[in-house]
Amino acid sequence: MRAIVIYYSLGGNTKRIARLISDRLGADMAEIETVQEYTGSYNDIVNQGQREVNKGFMPDIKPLSVDLSAYDTVILGSPVWWYTFAPAMKTFLSNADLSGKAVYAFATNGGWLGNTIEDFQNACAGADFRGGLDIRFDTKTLKTPEDKIIKWVDEIKNK
Ligand SMILES: Cc1cc2nc3c(=O)[nH]c(=O)nc-3n(C[C@H](O)[C@H](O)[C@H](O)COP(=O)(O)O)c2cc1C
């Protein structure tokens, strides 16, 4: 298995989980970053995020320096933004060819996962989507037991 964790993280929670997963799996890691930074207060960003999600807006993202064809397994990670994955992940998925790959997804959130996992599955056309994990935070505090995440990763490893 050649695996890569591809994630977007505005505040660091998703990045922390991406690290945990890639360490455990021995996988590479790549971060999706927007060209334009989100600025303003947390509430400003929450409101901007709502407008973007409602419109299906896809912000420009920096090119990822990874050759996806080198991997057979992709683990996607995003925070939940208004009950789905973040707009930057939408940009990435709309341009990426994941067909034929085993794809997993995880979503960090504050308790309202919404349709995020189904949306991931629908956005990965042609991929062998193998399931998602709901990872709960209370602001910066991880609430989902780390054991549960490790178990999920070990199942990926043993497939
Ligand atoms: C624009 C925006 C929208 C959000 N919408 C939701 C939501 O719909 N449901 C939820 O549980 N948490 C929501 N959150 C909280 C984040 O999903 C949560 O804090 C996440 O762990 C942040 O990950 P990050 O630190 O990697 O950016 C939202 C946060 C932001 C900034």
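General remarks:
- Residues within region 137-159 that are within 13 Å of A102 (Cβ to Cβ) and crowded, with 17+ Cβ neighbours inside 10 Å, tallied: 1
- Here D67 meets the list (1) acidic (D, E); (2) more than 16 Å from the ligand (Cβ to nearest atom); (3) touching a residue at least 24 places away in the same chain (Cβ under 8 Å) almost entirely, failing just condition (3).
- Within the set V46, V53, the sole residue that is closer than 25 Å to D138 by Cα, in contact with a helix residue (DSSP H, G or I) (Cβ under 9 Å, 6 or more places away or on another chain) and modelled with pLDDT of 95 or more turns out to be V53.
- Against the list (1) within 16 Å of the ligand (Cβ to nearest atom); (2) closer than 21 Å to E52 by Cβ; (3) free of Cβ contacts under 8 Å to residues at least 40 places away in the same chain; (4) among the polar types (S, T, N, Q), the condition N122 fails is (1).
- Sole exception among (1) away from the ligand (no atom under 16 Å from the Cβ); (2) of a type in the set (A, V, I, L, M, F, W, C); (3) under 15 Å from the mean Cα position of the chain (by Cα); (4) part of a helix (DSSP H, G or I) for I156, by number: (3)
- Matching residues, region 5-32, being surrounded by fewer than 20 Cβ atoms within 10 Å (Cβ to Cβ), within 13 Å of the ligand (Cβ to nearest atom) and in a strand (DSSP E or B): E31
The values are calculated or read from the model by the stated rules, or taken from the named source; none is laboratory data. Quantities reported herein were computed from a predicted structural model and do not represent experimental measurements. Note that each Cβ is placed from the backbone with ideal geometry, even for glycine, and that neighbours are counted across all protein chains shown.
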